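To start, the structure itself, in structure tokens.
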Amino acid sequence: MRDSVKTREELLTELETLRQRNAELEALVAGCDKMKAAALIAESMLEAACVHGLDSTILQVNQAFETASGWTREEAVGRTPVELGLTTTEEWLKLDSEAVPSLIEEGSVRNIETVCIRRDGTSFPGLMSWTLVRDDEGRPAGIVSVMRDIIEYKQVEMALQESQEKYRDLVENLNEVVYALDDKAIITYVSPSVEQTSGYRPDELIGRSYIDFVHPDDREGRIEQYHKVLAGTHEPSEYRFLAKDGSHLWVRTNGRAAYRDGHLIGVHGTLVDITDYKLADEMLRQSETRYRLLAENTTDIIWYMDLDLQLTYISPSVERESGFSVKEALSLPLDQLYTPDSIEEMLKVYAEEMALEETGPKGRHVSRTLELQGYTKDGSTCWIEVHLTAVRDQDGNLIGAQGITRNISERKRAGEQLQEAYAREKAAHQQLQTEMKKRVEFTRALVHELKTPVTAMMASNTLLVEELPDGPLQRLAANVQHSIANLDKRISGLLDIARGELGLHKVKLREAKPLKMLGEAAAEMEATIVSRGQSLVTSLPRTLPPAWIDEERLHEVILNLLGNASKFSPEGTEITLSARKNKHTLVVEVKDNGLGIARKHTQRIFEPYYRVENDRQRLPGLGLGLALCKRIVEDHGGKIWVRSQKGKGSRFAFSIPLDTATPG
């Protein structure tokens, strides 16, 4: 409730406003045959409103919904109330079973109470209404739901319930209207307090029959009652009095027959306005009915316990959940309802709370949630969640506890299964790591075994090339030298791939000049490209800022891309190396006019050992070059990609962050 307590008149006004808004909503939605119109209506509402599809998916929400629930429109659209956690699955199923049949048959369902949950986990009592939206053909097209926060009215109902007797005394001792009637029921006197009660001045009433101011539906009963009083009956009665503004007031009257000189002259009595009392009494009866229906039909078990740990009330749902009848549950001792460990936990909490009750502030709020194991009637056990709150008298003294018990066996089983799955996944991950380390160790050993003879061959062949005179043998030796160098590169690439898969391969970043690196790579490859009857064109900017890069490894990437472009391009074609600064990145591109790559291969071409079938047949190699390029670029925090079309050449490009600041 807000800082200041609202008057009953203010609450009545708010209730009437809510009824009017609800009626306006029904009238508007009834005339809308399209979901768009329903969404516009919901947007203009002051209450939290949603537009749903027939499967409960949220299509639109208004600003009031965002404020009430804590979910933004973007987060809510496309999800159901259960997925957002606005209500529990059990609560939603209950609403669904109650509301949907009436909604389809009658077109609307109004004022169903539920518990609404905000995004931050807090909850509040809500009053839900649904209206069915139909299309032009009269078929169901969607649903508009309206949610109202009724916590203030709940608090008022609770306050009314707690102070019912005090309120009755207060109403019955308000300023009374004193009146006198003659034997024909004509008003001969009325006290000035009547104006405050009915709006009439005394002179506007005197001389008229009091029956004129009785509600038409009550007049016959009032005439009969008047004659009983004249005959000597003395008992209070209630009826509806017509006020000056046209409204009717519930009043209680207490009259006696009046005599003068032994002759009956009429009736003298008092009248008091009890409209507020009647309204509060009706609200109280309705509230008690709603609470009883809620307690008796909810899937959760609601119960009360006194300070001796004896159950004094338990809802009928106990039989559905445990098999015990209400009578059995109330009469059984705790050790037949809960396991020994659970009883020990309950007694521990009881001792803690009683100790705090002695030392803590009077009337403190108590709320505890426990997970316990309970017995069912067939002797099996189930996991339950118990939410406890303190019950106090009007002076704040602890007199017992109330609780809500929910079966969480399925949730516990799901948690255990999740833990088992996590343990299996962790073991599999560790096994995978072990296998990958074995693979790297094997690759490292293999590289070592291959490198040793290759190094010796390279040294011997280098000497042979230098010693042989120009001629066929010398050219043959040079070819061997070139092949040995290629083999050495492939062996090193194999080790780099294995290291990269385990994250052992790291780039060494230093400040360098990208433009100089690009120029050197182009110069190094130009002779090879020209020897194949192709031409190399460079399209580089005049300046590029320095960057923190591993110059040696990026140099390898550019050489690899240029080499591939040359290998897959026919004679007489042009290969282009270009670069540009794009905001905070350096973009390098190698373009060729070669064979091109089919779309189905472009997504996999950067995978280790993957090669297009025709390339595998035509050119040697393990298919590691582009995989190494991808690894090096990604180690720089960049990306690499290809755009190609079969028979129309390819564009290989990569981008890396271009930052003059020291990394890290």
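At-a-glance table
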quantity	calculated
Every residue from region 511-541 that is open to solvent by 20 Å² or more (accessible area, probe 1.4 Å), out of contact with any Lys or Arg (no Cβ under 8 Å at 6 or more places or on another chain) and within 13 Å of S578 (Cβ to Cβ)	L515, G519, L536, V537, T538, S539, L540
Test: residue in region 75-89 that is modelled with pLDDT of 85 or more, part of a helix (DSSP H, G or I), within 27 Å of R411 (Cα to Cα) and open to solvent by 40 Å² or more (accessible area, probe 1.4 Å)	yes
Residues that are in contact with a Leu (Cβ under 9 Å, 6 or more places away or on another chain), open to solvent by 60 Å² or more (accessible area, probe 1.4 Å) and not hydroxyl-bearing (S, T, Y), drawn from region 308-334	Q310
Tally of residues being open to solvent by 30 Å² or more (accessible area, probe 1.4 Å) and free of Cβ contacts under 8 Å to residues at least 24 places away in the same chain across region 61-74	6
Selection from region 335-345 of residues that are open to solvent by less than 40 Å² (accessible area, probe 1.4 Å) and part of a helix (DSSP H, G or I)	S342, I343
Strands (runs of 3 or more DSSP E) fully within region 502-591 counting 3 or more residues that are free of Cβ contacts under 8 Å to residues at least 40 places away in the same chain, touching an Asp or Glu at 6+ places or on another chain (Cβ under 6 Å) and not basic (K, R)	none
Selection count where residues are in contact with a Leu (Cβ under 7 Å, 6 or more places away or on another chain) and open to solvent by 40 Å² or more (accessible area, probe 1.4 Å), scope region 118-147	1
Helices (runs of 4 or more DSSP H) lying entirely in region 592-646 (those with 1 or more residues that are at pLDDT 85 or above)	625-635
Residue within region 483-494 that is crowded, with 18+ Cβ neighbours inside 10 Å and either modelled with pLDDT of 90 or more or not in a helix (DSSP H, G or I) (or both) present	no
Residues satisfying the stated conditions in region 241-271, i.e. open to solvent by 70 Å² or more (accessible area, probe 1.4 Å), at pLDDT 90 or above and not in a strand (DSSP E or B)	K244, D245
Tally, over region 315-350, of residues that are within 19 Å of R368 (Cβ to Cβ) and in contact with a helix residue (DSSP H, G or I) (Cβ under 8 Å, 6 or more places away or on another chain)	5
Matching option when the condition is at pLDDT 85 or above, over 26 Å from I343 (Cβ atoms) and of a type in the set (A, V, I, L, M), among A427, A390, A459	A427
Hits in region 351-371 (condition: closer than 28 Å to W383 by Cα and in contact with a helix residue (DSSP H, G or I) (Cβ under 9 Å, 6 or more places away or on another chain))	V366, R368, L370, E371
Unmet requirement for R201, which otherwise passes all of (1) more than 14 Å from Y179 (Cα to Cα); (2) in contact with a helix residue (DSSP H, G or I) (Cβ under 7 Å, 6 or more places away or on another chain); (3) not β-branched (V, I, T)	(1)
Yes/no for G53 being over 21 Å from P125 (Cα atoms), without any contact (Cβ under 8 Å) to a residue 60 or more places away in the chain and exposed (fewer than 15 other Cβ atoms within 10 Å of the Cβ)	no
Segments classed as strands (runs of 3 or more DSSP E), wholly inside region 353-419, with at least 3 members that are in contact (Cβ under 8 Å) with a residue 40 or more places away in the chain and of a type in the set (A, V, I, L, M, F, W, C)	398-407
Within region 393-424, tally of residues that are modelled with pLDDT under 85, open to solvent by 40 Å² or more (accessible area, probe 1.4 Å) and of a type in the set (S, T, N, Q)	1
Tally of residues being modelled with pLDDT of 90 or more, of a type outside the set (D, E) and within 18 Å of V190 (Cα to Cα) across region 211-237	3
Residue count, region 272-309 (criterion: modelled with pLDDT of 70 or more, assigned to a helix (DSSP H, G or I) and among the hydrophobic types (A, V, I, L, M, F, W, C))	3
Of the criteria (1) assigned to a loop (DSSP other than H, G, I, E, B); (2) more than 29 Å from T122 (Cα to Cα), which one E328 fails	(1)
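The values are calculated or read from the model by the stated rules, or taken from the named source; none is laboratory data. Keep in mind that this is a model prediction, so the values were computed, not measured. Don't worry about glycine lacking a Cβ; one is built from the backbone with ideal geometry, like all the others, and counts go over all protein chains shown. These accessible areas exclude ligands, DNA and RNA; they are computed on the full protein's heavy atoms, side chains included. Shrake-Rupley method; radii C 1.70, N 1.55, O 1.52, S 1.80 Å.
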